[in-house]
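Input: a single structure, listed below in structure tokens.
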Amino acid sequence: MPLAAVLLFCAPAGAAPARIASMNLCTDELVLQLADLDRVVSVSYLSRDPGGSNVAALAEQVPVNHGLAEEILAARPDIVFAGIYTSQATVALLKQAGMRVVAFDAPVSFEAVTAQIREVAELVGRPERGEAMIADMDRRLAVLQPAPRPLRALVLRPNGFTVGGGSLVDTLIRRAGLANLGADPALSTYREMPLEALVLAKPDLVILDEEEVPAPALAYDVLRHPVLRHMPYRITVTGLPSRLWTCAGPAIVDAVAALARAGGQIEGTP
């Protein structure tokens, strides 16, 4: 498609976009929940996977892309939503073609989540939907009961990686009333947790990035190590799908609720 033809389809500055595209799973989630679906011309194919997406049913109602510049150009969007880690080559090509591309960072606090929701809602021309989403999240958070005491929690991702401070996951763990052992200043935001470190940390709760405790796999072999069967203290393992606490959106409230329940169940165990 010639560059001049592409530019003809761009909405005037300040106008609500008539054609909206997204190339990132997290921006997909907000676009599909906040924009009019008949204005969404493309979202990433990842949004249709119910295992990793909170909006799979909505994504089935619109076309999808694989992050390729030619796909986005063919959809003729007025605005393109992306993440800061979206292919920089694709983003550069789209900008060179005159596309309006807005890239969002990953939020690490409730304030940043709220700001991102509000900004996307404004950009798609539906600020009232953004305010309604934020109000509903605030209401649900206000009635959540945190764990009775700050039990020691540790996130364990495949191959022994954990999540430290300065992350959205850490924010949600603390909001649930738990203490994130991975937030030790000695650890970076994402770092491999050797078995010896896990044992010494003495977590009450190990949280897996899974819907449930997974079947045997090399990535989770640390949980089946014989050492853990002979610990002088109990370790409870729970699963929480990563889709609930990866992106800015209503699902983070579900993550907090699940974590608080897990902590409450441990506290209530004799």
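Here are some notes:
- Subset of region 131-170 that is among the β-branched types (Val, Ile, Thr) and at pLDDT 90 or above - its residue that is farthest from ALA255 (Cα to Cα): ILE134
- Here ILE173 meets the list (1) under 25 Å from PRO250 (Cβ atoms); (2) within 19 Å of the chain's Cα centre (by Cα); (3) at pLDDT below 90; (4) not hydroxyl-bearing (Ser, Thr, Tyr) almost entirely, failing just condition (3).
- Of all residues in region 156-174, exactly one satisfies the criterion of being among the charged types (D, E, K, R), crowded, with 19+ Cβ neighbours inside 10 Å and closer than 25 Å to GLN145 by Cβ, namely ASP170.
- Answer residue from region 19-31, given it is buried (at least 24 other Cβ atoms within 10 Å of the Cβ) and among the aliphatic types (A, V, I, L, M) and is farthest from the chain's Cα centre (by Cα) among those: ILE20
- Residue check for VAL80: farther than 16 Å from ARG100 by Cα and hydrophobic (A, V, I, L, M, F, W, C): no
Results for (1) at pLDDT below 90; (2) not basic (Lys, Arg); (3) not in a strand (DSSP E or B), shown as yes or no for each residue.
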{"residue": "ILE207", "(1), (2), (3)": "yes, yes, no"}
{"residue": "PRO216", "(1), (2), (3)": "yes, yes, yes"}
{"residue": "VAL253", "(1), (2), (3)": "no, yes, yes"}
{"residue": "ALA260", "(1), (2), (3)": "no, yes, yes"}
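- Residues in region 126-162 that are more than 30 Å from ILE20 (Cβ to Cβ) and hydrophobic (A, V, I, L, M, F, W, C): ALA142, VAL143, LEU144, ALA147, LEU151, ALA153, LEU154, VAL155, LEU156, PHE161.
- Hits in region 225-236 - residues which are at pLDDT 70 or above and surrounded by fewer than 16 Cβ atoms within 10 Å (Cβ to Cβ): PRO226, TYR233, ARG234
- Comparison of GLU70, GLU60 shows that the only residue that is charged (D, E, K, R) and out of contact with any helix residue (DSSP H, G or I) (no Cβ under 7 Å at 6 or more places or on another chain) is GLU70.
The values are calculated or read from the model by the stated rules, or taken from the named source; none is laboratory data. Since the model is a prediction, treat every value here as computed from it, not as a measurement. For neighbour counting, all protein chains shown are included, and Cβ atoms are generated from backbone atoms with ideal geometry for every residue, glycine included.
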